[in-house]
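Below is one structure, written out as structure tokens; the observations come after it.
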Amino acid sequence: MQESSTANLVHPIVDLMSYISHHFTLEPGDIIATGTPGGVGFARDPQRLLQHGDLLETWVEGVGTLRNPVVADLESW
């Protein structure tokens, strides 16, 4: 439902990595959460939120695709 790239970030990824690395030691496998592109589900009309059975895919060029199925937490129902 959302599709964007790091080219659309407010601050270039190089600047973000430089800033973060001055405060923390970045290690292989670390994830930098930068926020979400436009089209986020709760801001849609009508809202579109993840539901049991949906598939969340995150793609990084040159790395690959991470696929996570959405499973309802039946204990919280």
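Please list, ordered by first then second residue, the pairs with beta carbon atoms under 7 Å, 6 or more apart or interchain, first in the stretch 1-25 and under 15 Å from GLY38 (Cβ atoms) and of a type in the set (A, V, I, L, M, F, W, C), second in a loop (DSSP other than H, G, I, E, B) and open to solvent by less than 100 Å² (accessible area, probe 1.4 Å).
Sorted first by the residue in the stretch 1-25, then by its partner, the pairs are MET1/GLY39; MET1/ARG48; LEU9/THR34.
Which of the following residues is β-branched (Val, Ile, Thr), open to solvent by less than 100 Å² (accessible area, probe 1.4 Å) and in contact (Cβ under 8 Å) with a residue 12 or more places away in the chain: VAL60, VAL70?
Details: VAL60 fails: in contact (Cβ under 8 Å) with a residue 12 or more places away in the chain.
Exactly one residue qualifies, and that residue is VAL70.
In the stretch 1-48, how many are open to solvent by 70 Å² or more (accessible area, probe 1.4 Å) and in contact with a Lys or Arg (Cβ under 9 Å, 6 or more places away or on another chain)?
The qualifying residues number 2.
When you go through (1) open to solvent by less than 80 Å² (accessible area, probe 1.4 Å); (2) touching a Leu at 6+ places or on another chain (Cβ under 8 Å) one by one for ASP54, which number turns out not to apply?
(2)
The values are calculated or read from the model by the stated rules, or taken from the named source; none is laboratory data. Model, not experiment: these values are computed from the prediction. Cβ sites come from the backbone with ideal geometry, for glycine too, and all protein chains shown count toward neighbours. SASA here: full protein model, heavy atoms, side chains in, ligands and nucleic acids out. Shrake-Rupley method; radii C 1.70, N 1.55, O 1.52, S 1.80 Å.
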